[in-house]
Amino acid sequence: QYILDRIPDGIALLDRECRVVWANKQLNEWFPTERMVGVNFFEAIHRPQILGPTANPLSAAFATRKQAWTQFKVADNRYFKLVATPIPDAHGRIDHLIVSVHDTTGATVERQKLVALHEAGVGLADLTPDELLEMDMSQRVDLLKSNILHYTQHILNFDVIEIRLLEPETQQLVPLLSVGIDSVASKKPLFARKQGNGV
């Protein structure tokens with residue numbers, strides 16, 4: 001128990017009715033409750049939203065006698081991966097499961113951001129030919145700036161944003177969009193070089 005209580009994953013032993021027989025310290029810290037032992041596992045972890053691929057990995061592990069897994073989300077926007085492993089006794093009967101729960105919040109949120117960025121990138125220039133004909137160059141640039149600003153602030157949660165365009169002949173980086181940067185810094189000449197005012 002000393003070792004299991006220091007593992008950074010939540011671990012629980014469940015009986016045939018999917019009630020918690022034992023849970024380690026990490027699982028109790030993630031899902032504080034007055035009483036976890038003797039309670040249905042999903043009730044003990046605050047009835048999470050199951051994301052799949054397996055709708056009920058506990059039943060699946062008992063039924064197939066093989067390891068089953070799923071992902072789930074809890075109310076405070078934390079994400080976890082659950083793996084249920086059947087434990088056969090000396091006669092081959094499965095009366096218990098070992099369940100391990102791993103916090104995947106960081107990786108899941110980053111993946112969601114990448115998907116959102118991809119969708120945003122597709123949407124940046126999503127204009128019909130008629131819309132393009134109706135807009136002059138400055139209007140198109142303004143629309144692009146507006147879309148970039150919207151996506152970077154709402155998806156990436158950036159408060160400070162600067163985008164510069166490269167002038168191939170001079171290698172100067174010319175400001176296109178600047179938010180949250182003082183006017184002196186935004187006007188500072190920058191170049192695509194390894195020295196001086198280079199970035």
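Some notes on this structure:
- For the chain, the 222 nm mean residue ellipticity estimated from helices alone, with every DSSP H stretch of n ≥ 4 adding -39500 (n - 2.57) and the total spread over all residues, rounds to -9500 deg cm²/dmol.
- The residue among G121, M135, T33 whose Cα reaches farthest toward the positive pole of the charge dipole of the chain, with charges on the beta-carbon of Lys, Arg, Asp and Glu, is T33.
- Sites E162 and H118 - FRET efficiency at Förster radius 22 Å, r taken between beta-carbons, to 0.05: 0.50
- Of all DSSP beta bridges in the chain, antiparallel share, percent nearest 5: 95
- For region 40-55, 3J(HN,Hα) per residue [Karplus equation, 6.51 cos²θ - 1.76 cosθ + 1.60, θ = phi - 60°, Hz, x = Gly/Pro]: 3, 4, 5, 6, 5, 9, 6, 6, x, 8, 7, 9, x, x, 9, 5
- Global form of region 113-189, assessed from the alpha-carbon gyration tensor, a/c cut-off 1.5: oblate
- Contour excess over end-to-end distance, with Cα ends at A107 and N77 and 0.36 nm allotted per residue: 9.5 nm
- Per-pair calculated FRET efficiency, R0 = 25 Å: F191 and S138 via Cβ, rounded to 0.05: 0.45
- Label selected from (1) 1.23; (2) 1.16; (3) 0.98, the criterion being Rg/Rh (Cα atoms, Kirkwood Rh) as computed here: (1)
- Members of K81/K113; K113/K188; K113/K187; K113/K194; K145/K187; K25/K81 lying beyond 25 Å, as alpha-carbon distances in this model show: K113/K188; K113/K187; K113/K194
- Summed over the residues of the chain and divided among them, the accessible surface reaches 65 Å² per residue at a probe radius of 1.4 Å.
- Of the residues V109, V83, V141, the one that moves most in a GNM of the chain with alpha-carbon contacts below 10 Å is V141.
- Solvent-accessible area, 1.4 Å probe, carbon plus sulfur percent, for the chain: 55
- Computed from Cα positions, the angle between helix 137-154 and the longest principal axis of the chain comes to roughly 30 degrees.
- C-alpha center-to-center spacing [region 120-199, region 72-87] in angstrom: 40
The values are calculated or read from the model by the stated rules, or taken from the named source; none is laboratory data. This structure is a prediction, so every number in the text was calculated from the model and none was measured. Ideal geometry is used to build each Cβ from the backbone, glycine not excepted, and the neighbour counts take in all protein chains shown. We work out accessible area using only protein heavy atoms, side chains counted, and drop any ligands, DNA or RNA first. Shrake-Rupley method; radii C 1.70, N 1.55, O 1.52, S 1.80 Å.
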